[in-house]
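*Asks:* The following block contains the structure, expressed as structure tokens.
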Amino acid sequence: MTQPLRVAVVGVGHLGRHHARLYASLPQARLVGVADIDPSRAQEIASAYGARATADYRELIDQVDAASIAVPTEAHFAIARDFIERGRAVLIEKPFARTLAEADELIALAARKGVPIQVGHIERFNPAFVAAQRVLTTPLYIDCDRIGPFTFRSLDIGVVLDLMIHDLDILLDLVAAPVATVQAVGVPVLSKHEDIANARLVFANGCVANLTASRVAAHAVRKVRIFQPDAYISLDYGQRQAHLFRKRPGALDPTQIDPRSIQDLKTFVFEKMISIEALPMEAQDPLEQELRAFLDCVATGSKPLCSGADARRALELASRILDDIAANLARQQAVGGRQ
């Protein structure tokens, strides 16, 4: 690539404004324009980074090579389709689309036009996840917590598509087996969609995953624990930290130890039986790495780290979870109606 790629950002709200900021700072890109249905918002961001502002994204399609689409989920399909139809690559923020039918149409269209789709499952680029991949072997149990305060954003979808889908994407990348069973429950608290949800997934290879997502919690938590033979990995996406807990070589058999003879059991276990290692990682901004990877795909024709096909798998699993939540709610209402 001899010249920077011309890029646009459609939707410059909470997340899109950071796309615009980073594109403006990257040597591989030239931010040509930003679009937002709020003209004053578009003008504010465009002025900050020397780009064109418009309320109609279609005015930018012929001026760019690629675009980030950071609008509400309900608008992903129409906007992405317009860019792809004209041979423009797109980075679509998660979730990929509202429905599997929309996802399938975009994937097929991109294949015909020969342009990449990348979907913004940003945890793929989190330094904690990148570091953990180096020590992963055979995940047997995975526990995911992704909770945070109510933000008044993404109210066109529930917490499964808003938050949990990040962890679904990671799980499908980690576990080399299809999901055999899904058990889920979700509760609307402040919105008309589920604001709290829990799902238990059993994979065909025996791995089990438990996921909790909430957008009405008091504090933000984004943590994952991955258990494998003789070890487990603890990830904190928010703090960008990863620790490996594993059995020490030559550790004593716990059945041969009299705990009454040990003054401090916790210290004994972690000094004699289990080691804790902070996994080394680079201090990188996940969103910047995501945009760099997207630009590289556009320039070289390489496959995105999270392609449309990858994101479709996460969307399909999210749909199964939402179906089970709806079925549970229907059963509860039926029981309630008979009492």
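What follows is calculated from the coordinates using simple rules that are stated; it is not laboratory data. Note that the coordinates shown come from a computational prediction; the quantities given were computed from them, not determined experimentally. Ideal geometry is used to build each Cβ from the backbone, glycine not excepted, and the neighbour counts take in all protein chains shown.
*Asks:* Residue by residue through the range 30-45, what is 3J(HN,Hα) from phi via Karplus (6.51 cos²θ - 1.76 cosθ + 1.60, θ = phi - 60°)? Round to whole Hz and write x for glycine and proline.
*Replies:* Once θ is set to phi - 60°, the couplings for the range 30-45 become 10, 6, 7, x, 10, 10, 7, 5, 9, x, 5, 5, 4, 5, 4, 6 Hz.
*Asks:* Size of the chain along its principal axes in angstrom, Cα-based, largest extent first?
*Replies:* 75, 61, 37
*Asks:* If you don't mind, there's one more thing I want to ask. Applying the Karplus parametrisation 6.51 cos²θ - 1.76 cosθ + 1.60 with θ = phi - 60° to the phi angles of the range 3-14, what ³J(HN,Hα) value in whole Hz is obtained for each residue in order, glycine and proline being reported as x?
*Replies:* 10, x, 6, 7, 10, 10, 10, 9, x, 10, x, 3
*Asks:* Moving on. Using 0.36 nm per residue of separation minus the Cα-Cα distance, give me the extension gain between Gln239 and Ile262 in nm, one decimal. Intermediate values should be presented prior to the final figure.
*Replies:* Numbers: separation 23, 0.36 × 23 = 8.28 nm, distance 3.39 nm.
Fully extending the segment from Gln239 to Ile262 adds 4.9 nm.
*Asks:* Report the local net charge at Gln289: Lys and Arg +1, Asp and Glu -1, summed over other residues whose C-beta lies under 10 Å from its C-beta. Kindly include the intermediate steps, with their values, before the conclusion.
*Replies:* Details: positive: Arg124, Arg292; negative: Glu282, Asp285, Glu288, Glu290.
That sum, taken over residues with Cβ under 10 Å, equals -2.
*Asks:* May I ask you to sort Asp104, Asp167 by Cβ crowding, counting other Cβ atoms within 10 Å and putting the fewest first? Can you show the working numbers first?
*Replies:* Working: Asp104 14, Asp167 25.
Ranked by crowding around the Cβ, least crowded first: Asp104, Asp167.
*Asks:* Here is a follow-up. Ignoring the sites themselves, what is the longest stretch of the chain with no trypsin sites (Lys or Arg not before Pro) in a DSSP loop and at most 16 other beta-carbon atoms within 10 Å?
*Replies:* Numbers: sites that count: Arg86, Arg134, Arg153, Lys192.
Counting only loop sites that pass the neighbour cut-off, the longest clear stretch is 193-339.
*Asks:* Residue by residue through the range 206-221, what is 3J(HN,Hα) from phi via Karplus (6.51 cos²θ - 1.76 cosθ + 1.60, θ = phi - 60°)? Round to whole Hz and write x for glycine and proline.
*Replies:* Once θ is set to phi - 60°, the couplings for the range 206-221 become x, 5, 10, 10, 10, 10, 10, 9, 8, 10, 10, 8, 6, 9, 8, 9 Hz.
*Asks:* List the pair-distance distribution P(r) of the range 124-283, using every Cα-Cα distance, as the percent of pairs falling in each 10 Å bin from 0 up to the bin containing the longest distance, rounded to whole percents.
*Replies:* Bins of 10 Å from zero give 10, 32, 30, 20, 7, 1 percent of pairs.
*Asks:* What GluC sites (Glu not before Pro) does the range 263-314 have in DSSP loop regions with at most 14 other beta carbons within 10 Å? Kindly include the intermediate steps, with their values, before the conclusion.
*Replies:* Numbers: sites: Glu271, Glu277, Glu282, Glu288, Glu290; in loops: Glu282.
Answer by residue number: Glu282.
*Asks:* Here's something else I'd like to know. Which order do Met281, Met164 fall in if you start with the one that has the fewest other Cβ atoms within 10 Å?
*Replies:* On the way: Met281 17, Met164 28.
Ordered by Cβ neighbours within 10 Å, fewest first: Met281, Met164.
*Asks:* Related question: Straight-line reach from Lys303: which lysines have a Cα under 29 Å away, not including same-chain ones fewer than 8 places off?
*Replies:* Lys94, Lys113, Lys223
*Asks:* Under the classification rounded if a/c is under 1.5, otherwise prolate if a/b is larger than b/c and oblate if not, where does the range 222-339 fall, given a ≥ b ≥ c as square roots of the Cα gyration tensor eigenvalues?
*Replies:* Details: a/c = 3.18, a/b = 1.25, b/c = 2.55.
Since a/c reaches 1.5 but b/c is at least a/b, the shape of the range 222-339 is classed as oblate.
*Asks:* Here is a further query. With both partners inside the chain, how many of the DSSP beta bridges are antiparallel, as a percent to the nearest 5?
*Replies:* Antiparallel bridges: around 60 percent, rounded to the nearest 5.
*Asks:* Is it possible to state the helix-based mean residue ellipticity at 222 nm for the chain, with each DSSP H run of 4+ residues giving -39500 (n - 2.57), the sum divided by total residues, to the nearest 500 deg cm²/dmol? What is it? Display every interim value, and only then the final one.
*Replies:* Values: 9 runs with 111 residues, N = 339.
So the calculated ellipticity at 222 nm is -10000 deg cm²/dmol.
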